[in-house]
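The values are calculated or read from the model by the stated rules, or taken from the named source; none is laboratory data. All values derive from a computational prediction rather than experimental measurement. In this analysis, Cβ positions are derived from the backbone assuming ideal geometry, glycine residues included, and neighbour counts consider all displayed protein chains. The accessibility values were calculated without ligands, DNA or RNA, using every heavy atom of the protein model including side chains. Shrake-Rupley method; radii C 1.70, N 1.55, O 1.52, S 1.80 Å.
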Amino acid sequence: MSMSTSFPVVVYGASGYTGRMVMEHLRDVGVPFIAAGRDRARIEAALKLVPGIENAEYEIRAVEHNVDALARLLEGCKVICNTVGPFMRYSRPVVEACLKAGVHYLDTTGEQHVVSMLMDEYGTAFAKAGLCLIPSTACMYGLSEIGARYCLETPGVDSLEMTEIAQAVPTVASAQTILDAVRHPAYFLKENELVRYPGIETSDITTPSGRVLRASNWGGTSNPIWFSRDGRVRNCRMSVAMWNQELYKKELELERAYKVQLQWIPEETLYPLLDRMATAITPGTPPRESRFVHRAIDVCVATGNTVMVRSTLMATGGYFTTGLLQAYTARRLVTETPRVTGFRSPSEVFGHRELMGALESYGYAAIKVEKLV
């Protein structure tokens, strides 16, 4: 019997903030797990901060970040929850280890360029192996996709205009991700084609309470990629605004710095420089979220020739919702044969109504759908 058989789920990046949230929710849904990462001492320290961990079934494993070591770790497991970002730098060995070991892959990335890379380079191989490859199982953009799919239940809808407003403090890895995204092209779906943004595009959006905020295309988001594969959808675009308006200004400053100064620097020199810049945005692990402070609103206005539908999804605690989505979907993959395999969105595999039900059951999110025309 493999050492890992009793622990069907691996949380990779267990010493990080997001990893802690995933383990907390795996404990809650009763799924044994392996807490894995490069540094055993850091994992042990992180686990001490996980509420209720004394009731969890888990073991700690230190592992090198390469395909062979990760594949050995995954032997006998069913699914990995990968929280190690920036994902463009670190995800390939994890994905390849999943293929080698026959394990489903979940991650938390919202980076459009990573989602496209996973689709193009690994989607066919995962489908042939009968495995799921599911990025963006997280608040960004797992929740916004749920709202869009509620709208698509109305026949005739073919265009999705999506916005998200969030109150969030990024982790160090999230800040690194923002900087990484500046370096890659971003796309939206227009008349059945993915069209490249000329750069970071900003726009004014109005909150449901009437406040005007400046938003950006935030690296394009996962949604144009998901819906470019849906024959019902001709157009899809998403904008993201932060209640802390300084964040989009930092994003624009980084874009200017990259275009003017940084794009010619070799990657081995550039990455340490970007990481120092990320630390300036978020110097360390943020404190545990407060459900009374960290809230997000996802709105999708969906139109067709003669229809208009709006979904409004209110959520609390982006890292809470990410932890639950990872734990709930991992449990489903451990206990079920998935309805579809290969490169898929969370809602395609698990159902948008089922995901929403899990969020509602925890008091993490609520949704209203209105047929306007």
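Points to keep in mind about this one:
- The local environment of residue 191, defined by Cβ-Cβ distances under 15 Å, has a net charge of +1 under the rule Lys, Arg +1 and Asp, Glu -1.
- Anisotropy class assigned to the range 5-83 is oblate, per the alpha carbon gyration tensor with a/c at or over the 1.5 cut-off and a/b no larger than b/c.
- As a calculated quantity, the FRET efficiency between residue 66 and residue 196 at R0 = 35 Å, using C-beta atoms, amounts to about 0.55.
- Per residue, the solvent-accessible area of the range 1-105 (1.4 Å probe, heavy atoms of protein chains only, all protein chains present) comes to 41 Å².
- Label-to-label distance, nm, for residues given as residue 292 and residue 232 (7 Å Cα→Cβ offset): 4.0 nm
- Extension gain for residue 29-residue 207 works out to 60.7 nm (0.36 nm per residue, less the C-alpha to C-alpha distance).
- The lysines whose alpha-carbon is closer than 30 Å to the alpha-carbon of residue 100, local same-chain residues fewer than 8 away aside, are 78, 128.
- The chain: antiparallel DSSP beta bridges as a percent of all, rounded to 5: 55 percent
- Cα centroid separation, the range 36-82 to the range 180-231: 34 Å.
- Taking Cα Rg over 2.2 N^0.38 Å as calculated from this structure, the corresponding entry among [x] 1.00; [y] 0.94; [z] 1.10 is [y].
- Relative contact order (percent, whole number), the chain, Cα cutoff 8 Å, 6+ residue spacing: 21 percent
- Packing-based order for 344-357, 195-208, using average beta carbon neighbours within 10 Å, highest first: 344-357, 195-208
- Cleavage-rule hits, trypsin sites (Lys or Arg not before Pro), the range 1-81, DSSP coil, Cβ neighbours within 10 Å at most 16: 38, 48
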